[in-house]
Amino acid sequence: MSPLQKILKRIFSESRFQKIETESRKWFIECSKCAFSRSYWDMGGIRVYATGKKVLFGRCPRCKKYTVFNVIKKV
């Protein structure tokens, strides 16, 4: 877990924290160059009650190139 996830685990009740984790695992980041995909939660992030599309800029763990990541929700 990332430092932010550990802090939230201490703040929220176990059931509330599980809901946050479950919702965050539905969101994925996807590399626009090589289509690498990983859940937002596994990348150390938290995304709850979010809507719409979001983009992030960073280095892809697979292709090692700096790129735009699309943040999408997979149901």
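Specify the residue that is surrounded by the most Cβ atoms within 10 Å (Cβ to Cβ); the eligible residues are those in segment 48-64 that are modelled with pLDDT of 90 or more and in contact with a strand residue (DSSP E or B) (Cβ under 7 Å, 6 or more places away or on another chain).
My answer is CYS60.
Could you give me the residue pairs with C-beta distances under 8 Å whose first residue belongs to segment 1-28 and is within 18 Å of LYS74 (Cβ to Cβ), whose second residue is among the hydrophobic types (A, V, I, L, M, F, W, C) and assigned to a helix (DSSP H, G or I) wherever it lies, and which are 6+ apart or on separate chains?
Listed by first residue and then by second, the contacts come to ILE20/LEU8.
Do we find a residue being touching a strand residue (DSSP E or B) at 6+ places or on another chain (Cβ under 6 Å) and surrounded by 15 or more Cβ atoms within 10 Å (Cβ to Cβ) anywhere in segment 6-23?
No; the residues of segment 6-23 include none that is touching a strand residue (DSSP E or B) at 6+ places or on another chain (Cβ under 6 Å) and surrounded by 15 or more Cβ atoms within 10 Å (Cβ to Cβ).
So which residues in segment 3-41 are more than 18 Å from VAL68 (Cα to Cα), part of a loop (DSSP other than H, G, I, E, B) and polar (S, T, N, Q), if there are any at all?
Residue satisfying the conditions is SER13 alone.
Which condition number in (1) part of a loop (DSSP other than H, G, I, E, B); (2) of a type in the set (D, E, K, R); (3) in contact (Cβ under 8 Å) with a residue 12 or more places away in the chain is the one that LYS64 fails?
Going through (1) part of a loop (DSSP other than H, G, I, E, B); (2) of a type in the set (D, E, K, R); (3) in contact (Cβ under 8 Å) with a residue 12 or more places away in the chain one by one, LYS64 breaks only (3).
Can you tell me which residues in segment 42-60 are touching a residue at least 24 places away in the same chain (Cβ under 8 Å), more than 13 Å from LYS74 (Cα to Cα) and not in a strand (DSSP E or B)?
Residues satisfying the conditions are GLY44, GLY45, ILE46, VAL48, TYR49, CYS60.
The values are calculated or read from the model by the stated rules, or taken from the named source; none is laboratory data. The structure displayed is predicted, hence computed values, not measured ones. Backbone-built Cβ (ideal geometry, glycine too); neighbour counts: all protein chains shown.
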